[in-house]
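Asks: Please see the structure below; I have some questions.
The values are calculated or read from the model by the stated rules, or taken from the named source; none is laboratory data. What you see is a predicted model, and the numbers here were worked out from it, not measured in a lab. No Cβ is skipped: glycine too gets one built from the backbone with ideal geometry, and neighbour counts run over all protein chains shown. Ligands, DNA and RNA are excluded from the accessible area calculation, which covers all protein heavy atoms including side chains. Shrake-Rupley method; radii C 1.70, N 1.55, O 1.52, S 1.80 Å.
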Amino acid sequence: QVQLVESGGGLVQAGGSLRLSCAASGRSFSTYATGWFRQAPGKEREFVATINWSGGRTYYSDSVKGRSTISRDNAKNTVYLQMNSLKPEDTAVYYCAAAKTPRNNDYRATSYDYWGQGTQVTVSS
């Protein structure tokens, strides 16, 4: 019912910035909470950030807090992740996800109903 497509990944030097976008289709997207997760090769998928349906509540993992900003534009059916001061350990495939019934500050991947295919972020030292 909802399709998500990530973009904006690429190769960047440490200290640089990237803005990831997640474009969604589906009439109900604006009512869904969305989150960003990432997965490095050979590692478990980990939570990055989440934002509620209105954009009024955000929550970040400790690893990106203070240097990342999640936002959304419901008129464009798009959610963003601005990442600054990138580090080599940020290298991963970044996934956008949407949840119909999120809980407060939900970091659990199992809470999300729809997932994109991911966009690669590579940070060189």
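Asks: Which one of these is closer than 23 Å to residue 13 by Cβ and among the hydroxyl-bearing types (Ser, Thr, Tyr): 112, 94, 107?
Replies: On the way: 112 fails: closer than 23 Å to residue 13 by Cβ; 107 fails: closer than 23 Å to residue 13 by Cβ.
Just one listed residue meets the conditions, 94.
Asks: A further question on this structure: Under 7 Å between Cβ atoms, at least 6 apart or on separate chains: pull out the pairs that start in the range 39-59 with a residue that is in a loop (DSSP other than H, G, I, E, B) and end on any residue that is of a type in the set (Ser, Thr, Tyr).
Replies: As it stands, the answer is 40/91; 53/30; 53/31; 53/32; 55/71, since those pairs meet every condition given.
Asks: If a residue has to be of a type outside the set (A, V, I, L, M), within 13 Å of residue 20 (Cα to Cα) and open to solvent by 20 Å² or more (accessible area, probe 1.4 Å) to count, how many in the range 92-111 make the cut?
Replies: Of the residues in that region, 1 qualify.
Asks: All but one of (1) farther than 23 Å from residue 104 by Cα; (2) touching a strand residue (DSSP E or B) at 6+ places or on another chain (Cβ under 6 Å); (3) in a loop (DSSP other than H, G, I, E, B) hold for residue 12; state the number of the condition that does not hold.
Replies: The number of the failed condition is (3).
Asks: Out of all the residues in the range 23-44, which are open to solvent by 40 Å² or more (accessible area, probe 1.4 Å) and over 12 Å from the mean Cα position of the chain (by Cα)?
Replies: Filtering the range 23-44 down to residues open to solvent by 40 Å² or more (accessible area, probe 1.4 Å) leaves 23, 25, 27-28, 31, 39, 41-44.
Once the filter is applied, which keeps residues that are open to solvent by 40 Å² or more (accessible area, probe 1.4 Å) and over 12 Å from the mean Cα position of the chain (by Cα), the range 23-44 yields 25, 27, 28, 31, 41, 42, 43, 44.
Asks: Say we look at the range 79-90 and pick out the residues that are in contact with a Ser or Thr (Cβ under 6 Å, 6 or more places away or on another chain) and surrounded by 18 or more Cβ atoms within 10 Å (Cβ to Cβ); which of these is farthest from residue 3 (Cα to Cα)? Don't jump to the end; show me each part of the working.
Replies: In the first step, residues of the range 79-90 are kept if they are in contact with a Ser or Thr (Cβ under 6 Å, 6 or more places away or on another chain); the result is 79-80, 82-84, 88.
Next, only the ones that are surrounded by 18 or more Cβ atoms within 10 Å (Cβ to Cβ) stay: 79-80, 83.
Values: 79: 13, 80: 15, 83: 23 Å.
Among those that are in contact with a Ser or Thr (Cβ under 6 Å, 6 or more places away or on another chain) and surrounded by 18 or more Cβ atoms within 10 Å (Cβ to Cβ), it is 83.
Asks: Scan the range 71-87 for residues that are in a strand (DSSP E or B) and within 20 Å of residue 25 (Cβ to Cβ) and jot them down.
Replies: We begin by selecting, within the range 71-87, every residue in a strand (DSSP E or B); these are 71-73, 78-83.
Hits for the range 71-87 are 71, 72, 73, 78, 79, 80, 81.
Asks: I've got another one for you. Which of the residues that make up the range 8-22 are open to solvent by 50 Å² or more (accessible area, probe 1.4 Å) and either within 14 Å of residue 77 (Cα to Cα) or among the basic types (Lys, Arg) (or both)? Break it down into steps so the answer makes sense when it comes.
Replies: Taking the range 8-22 first, the residues open to solvent by 50 Å² or more (accessible area, probe 1.4 Å) are 11, 13-15, 17, 19.
Within the range 8-22, just 19 meets the criteria.
Asks: Filtering the range 63-78 down to residues that are exposed (fewer than 14 other Cβ atoms within 10 Å of the Cβ) and more than 13 Å from residue 19 (Cβ to Cβ), which residue is modelled with the lowest pLDDT?
Replies: Within the range 63-78, the subset exposed (fewer than 14 other Cβ atoms within 10 Å of the Cβ) is 65-66, 73, 75-76.
Filter once more, so that each one left must be more than 13 Å from residue 19 (Cβ to Cβ): 65-66, 75-76.
Numbers: 65: 96, 66: 97, 75: 89, 76: 92.
It comes out as 75.
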